[in-house]
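Report on the following structure.
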2 protein chains.
Amino acid sequence: MFDEYDKSYPIELVADFLGVNSRTLYYYERFSLVCPIRRGRKRYYSKVDIRWLEYVRELMYDQGMNLRSIIILIRRRDNIILEKCPEDVVDCFKNYLMQINKQEE
Amino acid sequence: MFDEYDKSYPIELVADFLGVNSRTLYYYERFSLVCPIRRGRKRYYSKVDIRWLEYVRELMYDQGMNLRSIIILIRRRDNIILEKCPEDVVDCFKNYLMQINKQEE
DNA sequence: ATTATTTTTCTTTTAAAGTGAAAAAATTAT
DNA sequence: ATAATTTTTTCACTTTAAAAGAAAAATAAT
């Protein structure tokens, strides 16, 4: 039982693979753009997470979108975005939006 | 015969109304984000243009989207964007995209 | 011809995205 | 237990798109 959704890749490996700084991944996490699992304090990412992050990089670098727009499209349940977006990122976003809404009340 | 689509508002008036610099409207034009008519050299905008630009401002300022993302959504014929988007902007984009495609060949 | 207006070009400002450096916290090794 | 290593976090700096300022070029008006 070791599938696409298993969170087993540490942050440095993922950052190297994507060609970004690990700080960038911490940064994305603040926007719930990816949700690694924590064992102790360490973060672990799945293959699905990695493919999603690759897609986000493509949207940002090749296409020129910004973070905020990607977030808006997730919120809007945009088909093209969500098709590439792992379940747990959407779940993360539900929590994130709930918290935002609570703060606003 | 003086309707919503009549292009009769000069750039300074539109800029003042939107609370932006007229340079910003020239800038948007380079991306075919709005297509004023030219009488002589002067540009004239319609009420529909103005409402569209108001919406673009809202997406950018209140929501934090960037120009590139709005352009991508127009290309994708995104429902929520296009619902607010005047016909001639979409037409402009068709031309713009045709030109881009020609250049790439 | 001179004045005023609009467009265009060049330059600067501002803010988000990303990264470097290093402190803080935690884990591992000795 | 303490030293060494690793991971996280914070602070500050860099880079780039978006926007605006200044002024030159082009056009229209008097």
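Worth a mention:
- Point-charge dipole on Cβ atoms (K/R +1, D/E -1) for the protein assembly as shown, about Cα centre, debye to 20: 500
- Segment A:56-105 versus segment B:1-24: alpha-carbon centroid distance in Å: 34
- Listed by chain and number, the lysines placed with their C-alpha closer than 20 angstrom to that of B:LYS102 are B:LYS94; residues fewer than eight positions away on the same chain are left out.
- For chain A, the Cys residues with no second cysteine's beta carbon closer than 4.7 Å are A:CYS85.
- Paramagnetic label zone (point 7 Å from Cα along Cα-to-C-beta, B:ARG51; backbone N under 19 Å) in segment B:1-34: B:1-10, B:14-15, B:17-19, B:33-34
- Principal axis dimensions, the protein assembly as shown - Cα atoms, whole angstrom, descending: 70, 52, 26
- Among B:ARG41, B:ARG57, B:ARG68, the largest mean-square fluctuation in a Gaussian network model of chain B (Cα springs under 10 Å) belongs to B:ARG41.
- Buried solvent-accessible surface, both chains (A, B), 1.4 Å probe, Å² to nearest 100: 1000
- Qualifying GluC sites (Glu not before Pro) in segment A:1-79, DSSP loop, other Cβ atoms within 10 Å at most 11: A:GLU4
- Solvent exposure of the protein assembly as shown as accessible area per residue, Å², 1.4 Å probe: 61
- Mean separation of Cα contacts under 8 Å, 6 or more apart, over the residue count of segment B:9-104: relative contact order %: 28
- Checking the cross-link pairs A:LYS7/A:LYS42; B:LYS7/B:LYS84; B:LYS42/B:LYS84; A:LYS47/A:LYS84 against a 21 Å limit on the alpha carbon distance flags B:LYS42/B:LYS84 as lying beyond it.
- log₁₀ of I(q)/I(0) at q = 0.15, 0.19, 0.20, 0.22 Å⁻¹ - segment B:9-104, Debye sum with one point per alpha carbon: -0.57, -0.92, -1.02, -1.22
- Cα Rg, Dmax, segment A:31-81, angstrom units: 12.3, 37
- Dipole in debye (nearest 20) - chain A, about Cα centre, beta carbon charges: Lys, Arg +1; Asp, Glu -1: 400
- Using a 7 Å Cα-to-Cβ projection, B:TYR61 label spacings across copies, nm, ascending: 3.4
- Residues whose placed amide H lies under 5 Å from that of B:TYR45, excluding near-sequence neighbours: B:SER8, B:TYR9
- With every protein chain in place, segment A:9-104: carbon and sulfur % of accessible area (1.4 Å): 46
- Report summary: the helix-based calculation at 222 nm, which adds -39500 (n - 2.57) for every DSSP H run with n ≥ 4 and divides by the residues of chain A, gives -17000 deg cm²/dmol.
- Residues A:LEU97 and A:ARG38, FRET efficiency given R0 of 30 Å [Cβ-Cβ distance, rounded to 0.05]: 0.90
The values are calculated or read from the model by the stated rules, or taken from the named source; none is laboratory data. This is a predicted model, so every value here is computed, not measured. Every residue, glycine as well, gets a Cβ built from its backbone with ideal geometry; the counts of neighbours run over all protein chains shown. Only protein heavy atoms, including side chains, enter the accessible area calculation; ligands, DNA and RNA are left aside. Shrake-Rupley method; radii C 1.70, N 1.55, O 1.52, S 1.80 Å.
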